[in-house]
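Undergrad: What follows is a structure written as structure tokens; I'll ask about it next.
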Amino acid sequence: MSEVQREELNYDVVIVGAGPAGLSTAIKLKQLDTNLSICVLEKASEVGAHILSGNVFETKALDELIPNWKVLNSPINTSVTSEDFLFYTKTKSMKVPNLFLPNVLKNHGNYIISLSNLCKWLGEFAENLGVEIFPGFAASKLLYDNDQKVIGVQTGDMGLDKNFKPKDNYEPGINIKGKVTVLSEGCRGHLGKEVLKKFNLDSNNKSPQQYGIGFKEIWEINSENHQLGKVSHSVGWPLESDTYGGSFCYHAENNQIYLGYVIGLDYKNPYLSPYDEFQQFKTHPDIKKLLEGGKRISYGARALIEGGLQSLPQMYMPGALLIGCDAGTLNMPKIKGSHTAMKSGIIAAEVINDHINSNKELSEYESKFKNSWVYEELYKARNVKPSFQWGLIPAMIFTGLDQKIFGGKLPFTLQHKHADHESLIPAKKAKKITYPKYDGVITFDKPSSVYLSGTNHADDQPNHLLLNDKDLSTNFTIEKYDEPAQRYCPAGVYEVEFDNDLQKKVLKINSQNCIHCKTCDIKEPSQNIEWVTPEGGGGPIYSGT
Amino acid sequence: MKVLVAVKRVVDYKVQIRVKSDNSGVETQNVKMSVNPPDENAIEEAVKLKEQGLANEIISVSIGDDKSQDVLRTSMAMGIDRSILVKSQNTLEPLAVAKTLKIIIDKEKPDLVLMGKQAIDDDSNQTGQILSALLNWPQGCFISNLKIENNKVFISREIDEGIENLETSLPAVLTCDLRLNTPRFASLPNIMKAKKKPLETIDIDTLGIDTSSKIKTLKVIEPPKRKAGIMVNDVKELVQKLKYEAKVI
Amino acid sequence: MSVLVVAEHDNKNLKSSTLNTISAAKKLSEDIHLLILGNKIEDLAKSSKSIQLVKKVIICDHEKLENQIPELSSPIISNLAENYSHILAPSSTFGKNLLPRVSALLDITQISDIIGIESQDTFIRPIYAGNAISYVQTDQKINLMTVRPTSFEKCEETGGDAAVENISFIDSEVKTTFVSREVSKSDRPELGNARVVVSGGRGLENSDNFKLLYDLADKLNAAVGASRAAVDSGYIGNEYQVGQTGKMVAPELYIAVGISGAIQHLAGMKESKVIVAINKDLEAPIFNIADYGLSSDLFQAIPEIIKELDLLNQIES
Ligand SMILES: Cc1cc2nc3c(=O)[nH]c(=O)nc-3n(C[C@H](O)[C@H](O)[C@H](O)COP(=O)(O)OP(=O)(O)OC[C@H]3O[C@@H](n4cnc5c(N)ncnc54)[C@H](O)[C@@H]3O)c2cc1C
Ligand SMILES: Cc1cc2nc3c(=O)[nH]c(=O)nc-3n(C[C@H](O)[C@H](O)[C@H](O)COP(=O)(O)OP(=O)(O)OC[C@H]3O[C@@H](n4cnc5c(N)ncnc54)[C@H](O)[C@@H]3O)c2cc1C
Ligand code: SF4
């Protein structure tokens, strides 16, 4: 394939990913210097189509970026009006009095929004400033010069068949070069992963990175059950107390609720199925009542980056910056990463502008970031997630003290012990979990859910889920862990099948189902699965959700 | 030869259609929109004709609101030379669409009109046929093959029984089946070039045609869900039921 | 008032879609006229006379009408139109090709592909590939409609004695000439428009076992289809895939063998008239939509069905 002729385009700045982070960089750059040429690549078929998020939105960063957003017809309409935090047992729920709630869990002044719609709006805002956004184009490779400096990206080839042979409509990817490349792919970006390794960006971290998987369904519910602006969170049932996670439920416009669940990917039992925990959660009497007579209208899942400050890598490297959730700027106790991602993007723009126009180094990013409110916010939040290694109750007590009494300023930093892929125990030693059958009313099988995500990939294209060792599952993972991919993948991509010819169990990959959540890339116990970009435009359609 | 392609902006075929809860229609707010799939085949065929040197100018026309500019830009990124947007806030019925196109065609005088066989939103499958009748030009519907030689047009049409081959002449109106070709991807440099290609806007009110709806939509509902039938005890019962109850074998 | 049905035929026999369309017309009027445009159709006129629901058969017999070029037939229809409240044609490629031209000539908006008739002026039609159903009303003086054949029963072909009226051919200058028709002639009917489809899923386990399905299909003169799981595992080529990303089929009889019934598969076959599911798992979702479910091992059931069908055939002959 190396002899393919590739066209080349040149920009001042190339941004990978039109999420809150990348779009904030693009907008801020144009505000600082309208003459800069800026290109944003987005693998989704339109801006926002791959954005899956709660979302309770803190406007702090947006206020800085576009101070008059309120008069610009932005899709930010629903203020948080009430909130509660619940502790669930199988049949009961206990309200944690607001008095005891740490400030990070309070949402007064925030808004319930569709982050997908906000990104679409930010995208249009950026285009009006002259930013060139190309949806449907994935950045598949990084380009380096001889000094190993990042000089841009290559877009993915389109129209290859599954054996990499060009089809009628073959269109080779092109090289897009920039003075600076910004990686803002969101959680577990595959180029981000490459630079972390190549430039050793996480060598100074005290803790390995931590992730979670988040699910979200949108339901249109009975108007009697709907309380516009209400925000609820819960912990407890159905998760065992040694698993980090909980639910969210936001009452948005049009009688819709955003119902979701987040589970730490450091769970230990290979039989745990995050998808089924979420489905089961919906059968709690409180939730069942809420959903009664309602209709599910969308489904999606996406990994979240949860390591926080102690896992945050160096965010600059020769020729490039790594920002937002691609680096790990999410505030875990708040489960909010949009405003921090945006702020990290705004800072990036300032640094890049200084770099291009005043010859300053990209390494300025470090100090600018440290002096910003994001850093302070992440510093205060840093001990919450690691305290959950002690179990739910002690962690909640600790968090109460840490956040409420000490305001996150305790003079020590708890560390995350393991990377998520190291946490599984062998299947033999694990307790089997049987989940209830789906009723087709409140709980649904995976194919039905995936259907609502709108995901699709042209079928005759190279598989985008690469196995480093293609027989590892057959020879090892199926035996040792009963192939957990069957359960952690929220889209039914992985199935274990009995191969009649080999007379063995084999791993089957339905890559067409993939909803780009990146969980397999994170959780596979031997790190055997590598997620790479499929043909641009493929994947879920979360537009409007 | 000059070729005109008609393009419609529709809900993307991958989007799961959702009927509005007040039954007034289908949800299109914040829904991903795209070029109507068979229209892409029409665009592709036009671009091919140009590449083969048979066409010297290829233009696209869309009737719709401002957002329909998107699909025209897409067509230009695929290779169309220039576009015309006939701006209309209301959705038109096929007869009105055809009348609108006729006015544009009378002005542009193309030798060939290519369009998709059917729009995947209202599934009418009429516009090409109506247009051909209004223009009194030969009609070729659902084509899966096209050859043009010295003003002679050879087409293969996809019909229920198989394939029908016809010979006709220019000017003509042809509607395209998905099997006609594989539409190309718009490359990134071509998308950029398309942003600079000419796009003319005409207000539909200036054309003096009757665009009012002749058909009123009373309500739109979800398709009724299929219900479970019966379980049979054995093969014998199954075959008997199929033969004598359902009468399908 | 009277209703005109435009017949689809091959100059020898009526296509069954015409019989379905006549049934639809019955919901609108007792006075149904059948219009047959063709070449050498005396015999066809005679046989059509006996359709009980038809009051009059109108014939236009001319060699130029042999191949049903719509440019020639549409003016003949529009010429008759003022006598009718409704003009119906099947929404097959024949009707779709023809009726919109009549709409243009009469300056009347056509309603396509109706699946139900609520009243004289209110009709039901699928939109968005059947993902939504629309109720539409019109007050035009003539209603032009194409009718989805599978939504209406076939009418009886006997029991009547309609009057026959010959009308004269109106010539128009037409630049299109018919070259040939390639009727698909494989051993099995084509998946897209077969009357019976037998589909196999992952339950078949390998491509050799698919032979079982071919045997069954042969007995039923059926096309063979498959689920994505069967296609992906290489049991059968991907042109056989039925579903969201495969073919959409709506046969009279669909037999799903060893298919679980994932929503993406159902998307491609749920419009079938009668669905049979054979699956050993009683909980399989396919049973929720099947008219007849058989919970059994397919390797046992299929050979038995073949045997039963043979028996039936013996009794019949
Ligand atoms: C279930 C859930 C609930 C959440 N709730 C909240 C909440 O209530 N409040 C809150 O503030 N935050 C919440 N978050 C977190 C928030 O969504 C993220 O922090 C935020 O989206 C991060 O922004 P980003 O721009 O860094 O990355 P993303 O939003 O992930 O955007 C990255 C973009 O880059 C694109 N991309 C990736 N790789 C490539 C490539 N190689 N080429 C081209 N394009 C590429 C992606 O398609 C995507 O559009 C939640 C997250 C989840 C999963
Ligand atoms: C974007 C997307 C597009 C898709 N498009 C399509 C599509 O077009 N078409 C499609 O089919 N799928 C499609 N799918 C896949 C779909 O979700 C299912 O995975 C697939 O249909 C399953 O095929 P199956 O029923 O054969 O396999 P399974 O779900 O594995 O079911 C096999 C069934 O066989 C039964 N069985 C096994 N052995 C026997 C036996 N001896 N006797 C009787 N029964 C037995 C089992 O009980 C089981 O119910 C798509 C998915 C996605 C995400
Ligand atoms: S294959 Fe991987 S990235 Fe895709 S949906 Fe499954 S877990 Fe997520």
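Undergrad: Hey, how much of the P(r) for segment A:47-205 falls beyond 26 Å, as a percent of Cα pairs? Show your work: numbers first, answer last.
TA: Values: 6722 of 12561 pairs.
Of the Cα pairs, 54 percent sit more than 26 Å apart.
Undergrad: Sticking with this one: Need the list of lysines near A:Lys149 for cross-linking: C-alpha distance under 21 angstrom, and skip anything on the same chain fewer than eight residues off.
TA: A:Lys141, A:Lys177, A:Lys179, A:Lys193, A:Lys197, A:Lys198, A:Lys360
Undergrad: Let me ask something else. Scan around C:Arg181 for amide H atoms under 5 Å from its own, H built in the peptide plane at 1.01 Å from N, and keep only partners 5 or more places away or cross-chain.
TA: Close amide H contacts, sequence-distant or interchain: B:Asn165.
Undergrad: Let me ask something else about it. Taking the convex hull of the Cα atoms, report for chain C its projected area averaged over all directions, in nm². Working shown, then result.
TA: Numbers: hull surface 72.8 nm².
With the hull built on Cα positions only, its mean projection is 18.2 nm².
Undergrad: Within 10 Å of each candidate Cβ there may be at most 15 other Cβ atoms; applying that plus a DSSP loop requirement, which GluC sites (Glu not before Pro) in segment C:29-74 survive? If you can, show how the numbers build up before the last one.
TA: On the way: sites: C:Glu30, C:Glu42, C:Glu63, C:Glu66, C:Glu71; in loops: C:Glu30, C:Glu66.
Sparse-neighbourhood loop GluC sites (Glu not before Pro): C:Glu30, C:Glu66.
Undergrad: Assuming a viscosity of 1.306 mPa s and a temperature of 10 °C, what translational diffusion coefficient in µm² per second does Stokes-Einstein assign to segment C:2-166, Rh being the Kirkwood radius over Cα pairs? Please report the intermediate quantities before stating the final value.
TA: Values: Rh = 15.6 Å.
It comes out at roughly 102 µm²/s.
Undergrad: Now a separate question. Quickly rank C:9-22, B:208-221, A:76-89 as a protection proxy: mean count of other C-beta atoms within 10 Å, highest first.
TA: Values: C:9-22: 20.3, B:208-221: 14.1, A:76-89: 16.8.
Listed from highest to lowest mean packing, they are C:9-22, A:76-89, B:208-221.
Undergrad: Sticking with this one: With N denoting the number of residues in segment A:420-531, provide Rg(C-alpha) divided by 2.2 N^0.38 Å, to two decimal places. Write down the numbers at each step before the final one.
TA: Values: Rg = 14.7 Å, N = 112, 2.2 N^0.38 = 13.2 Å.
The reported ratio for this selection is 1.11.
Undergrad: Using only the Cα atoms of chain A, what do you get for the radius of gyration and for Dmax, in Å?
TA: 22.4, 66
Undergrad: For a quick check of your reading of the filter: which chymotrypsin sites (Phe, Trp or Tyr not before Pro) in segment A:355-431 sit in a DSSP loop and have no more than 13 other Cβ atoms within 10 Å? Each step should come with its number before you reach the end.
TA: Working: sites: A:Tyr365, A:Phe369, A:Trp373, A:Tyr375, A:Tyr379, A:Phe388, A:Trp390, A:Phe398, A:Phe406, A:Phe412; in loops: A:Phe406, A:Phe412.
When the chymotrypsin sites (Phe, Trp or Tyr not before Pro) of segment A:355-431 are filtered for loop state and at most 13 Cβ neighbours within 10 Å, A:Phe406, A:Phe412 remain.
Undergrad: Cross-link partners among lysines for A:Lys90, C-alpha distance below 16 Å, same-chain residues fewer than 8 apart left out?
TA: A:Lys282, A:Lys288, A:Lys289
Undergrad: Take each uninterrupted DSSP H stretch in chain B, measure its Cα extent along the helix axis, and return the ones at 18 Å or beyond whose mean Kyte-Doolittle hydropathy is at least -0.5.
TA: Working: long enough: B:37-51 (21 Å, -1.06); B:94-108 (20 Å, 0.53).
Taking the DSSP H segments of chain B (at least 18 Å long, mean hydropathy at least -0.5), we get B:94-108.
Undergrad: Taking 32 Å as the cut-off for C-alpha to C-alpha distance, list the pairs among A:Lys343/B:Lys32; B:Lys227/C:Lys46; B:Lys243/C:Lys49; A:Lys106/A:Lys216; B:Lys243/C:Lys211 that go past it. Spell out each step's value before the answer.
TA: Values: A:Lys343/B:Lys32 28 Å; B:Lys227/C:Lys46 42 Å; B:Lys243/C:Lys49 29 Å; A:Lys106/A:Lys216 21 Å; B:Lys243/C:Lys211 24 Å.
Correct reply: B:Lys227/C:Lys46.
Undergrad: Contact order normalised by length for segment C:191-316, with contacts defined as Cα pairs under 8 Å and 6 or more residues apart; what percent is it? Intermediate values should be presented prior to the final figure.
TA: Values: 265 pairs, mean separation 29.1, N = 126.
This gives 23 percent for segment C:191-316.
Undergrad: Compute the whole-percent fraction of alpha carbon pairs in segment B:2-224 spaced more than 31 Å apart. Please list the in-between numbers first.
TA: Numbers: 4644 of 24753 pairs.
Counting pairs separated by more than 31 Å, the tail of P(r) holds 19 percent.
Undergrad: Okay, next question. Mind ranking A:20-30, C:49-59, C:162-172 by how tightly packed they are, going by the mean number of other C-beta atoms within 10 angstrom, highest first? Please list the in-between numbers first.
TA: Numbers: A:20-30: 29.5, C:49-59: 19.5, C:162-172: 13.5.
Taking the mean over residues of other Cβ atoms within 10 Å, the ranking is A:20-30, C:49-59, C:162-172.
Undergrad: Right, next: Name the helices (complete DSSP H segments) of chain C with a Cα length along the long axis of 20 Å or more and a Kyte-Doolittle mean of at least -0.5, or state none.
TA: Working: long enough: C:93-106 (21 Å, 0.61); C:298-316 (27 Å, 0.41).
Sorted by number, the helices that extend far enough and score high enough are C:93-106, C:298-316.
Undergrad: Which of A:Trp237, B:Trp137 comes first, and how do the rest follow, when ranked by fewest Cβ neighbours within 10 Å?
TA: Numbers: A:Trp237 19, B:Trp137 22.
Least crowded to most crowded, the residues run A:Trp237, B:Trp137.
Undergrad: If I take the Cα coordinates of segment A:138-227 and project them onto the principal axes, what are the three extents in Å, biggest first?
TA: The Cα atoms of segment A:138-227 stretch 64, 49, 27 Å along the principal axes, largest first.
Undergrad: For a quick check: sort B:Leu166, A:Leu118 by the number of other beta carbons within 10 angstrom, fewest at the front. Spell out each step's value before the answer.
TA: Details: B:Leu166 21, A:Leu118 25.
Sorted ascending by nearby Cβ count, the order is B:Leu166, A:Leu118.
Undergrad: Give the peptides A:194-203, A:304-313, C:298-307, A:172-181 in descending order of average Cβ contacts within 10 Å, highest first. List each step's numbers first, then the result.
TA: Details: A:194-203: 15.8, A:304-313: 24.6, C:298-307: 18.3, A:172-181: 21.8.
Averaged packing, sorted descending, gives the order A:304-313, A:172-181, C:298-307, A:194-203.
Undergrad: For peptide B:175-187, compute the average count of partner chain beta-carbon atoms within 10 Å of each residue's beta-carbon.
TA: Working: counts 2, 0, 0, 0, 0, 0, 2, 5, 2, 6, 11, 3, 8.
So the per-residue partner count for this stretch is 3.
Undergrad: Which values of log₁₀ I(q)/I(0), to two decimal places, follow from the Debye formula for the protein assembly as shown at q = 0.06, 0.08 Å⁻¹ with a uniform point scatterer at every Cα?
TA: Evaluating at q = 0.06, 0.08 Å⁻¹ gives log10 I(q)/I(0) of -0.52, -0.92.
Undergrad: Oh, and also: Suppose every Lys and Arg Cβ carries +1 and every Asp and Glu Cβ carries -1, with no other charges. What dipole size does the protein assembly as shown come out with about its Cα centre, to the nearest 20 debye? Display every interim value, and only then the final one.
TA: On the way: 125 positive and 141 negative charges, 559 e Å.
That gives the protein assembly as shown a dipole magnitude of about 2680 debye.
Undergrad: Could you list the square roots of 5 times each eigenvalue of the Cα gyration tensor of segment C:226-286, that is, the equivalent ellipsoid semi-axes, sorted largest first and rounded to whole Å?
TA: Taking √(5λ) for each eigenvalue gives 17, 15, 10 Å, largest first.
Undergrad: Using modelled amide H (1.01 Å from N, peptide plane; none on Pro or chain starts), what sits under 5 Å from the amide H of A:Leu86, excluding residues fewer than 5 places away?
TA: The answer is A:Val96, A:His233, A:Ser234, A:Val235.
Undergrad: With a cap of 16 neighbouring Cβ atoms within 10 Å, and only residues DSSP puts in a loop, list the trypsin sites (Lys or Arg not before Pro) found in segment A:271-302.
TA: Details: sites: A:Lys282, A:Lys288, A:Lys289, A:Lys295, A:Arg296, A:Arg302; in loops: A:Lys282.
Counting only loop positions with at most 16 other Cβ atoms within 10 Å, none of the trypsin sites (Lys or Arg not before Pro) in segment A:271-302 qualifies.
Undergrad: What average count of beta carbons from other chains do you get within 10 Å of the Cβ of residues in B:161-171? Display every interim value, and only then the final one.
TA: Numbers: counts 11, 7, 5, 10, 5, 8, 5, 7, 3, 1, 1.
Whole-number average of other-chain Cβ neighbours for B:161-171 is 6.
Undergrad: Beyond 20 Å between alpha-carbons counts as too far, so tell me which of B:Lys8/B:Lys87; B:Lys214/C:Lys15; B:Lys50/B:Lys193; A:Lys480/A:Lys505; B:Lys241/C:Lys15; B:Lys117/C:Lys154 fall in that bin. Write down the numbers at each step before the final one.
TA: Working: B:Lys8/B:Lys87 12 Å; B:Lys214/C:Lys15 31 Å; B:Lys50/B:Lys193 17 Å; A:Lys480/A:Lys505 13 Å; B:Lys241/C:Lys15 27 Å; B:Lys117/C:Lys154 28 Å.
With Cα atoms farther than 20 Å apart: B:Lys214/C:Lys15; B:Lys241/C:Lys15; B:Lys117/C:Lys154.
Undergrad: Partner chain Cβ atoms within 10 Å, averaged over the residues of C:101-113 - can you pull that number for me?
TA: Details: counts 8, 3, 8, 14, 3, 1, 6, 2, 10, 10, 5, 7, 4.
Shielding by partners across C:101-113 averages 6.
Any read-out appearing in this document is the output of simple, stated calculations on the displayed coordinates, not a laboratory observation. Since this is a predicted model, take the numbers as computed values, not measurements. Note: ideal-geometry Cβ built from the backbone for every residue, glycine included; neighbour counts use all protein chains shown.
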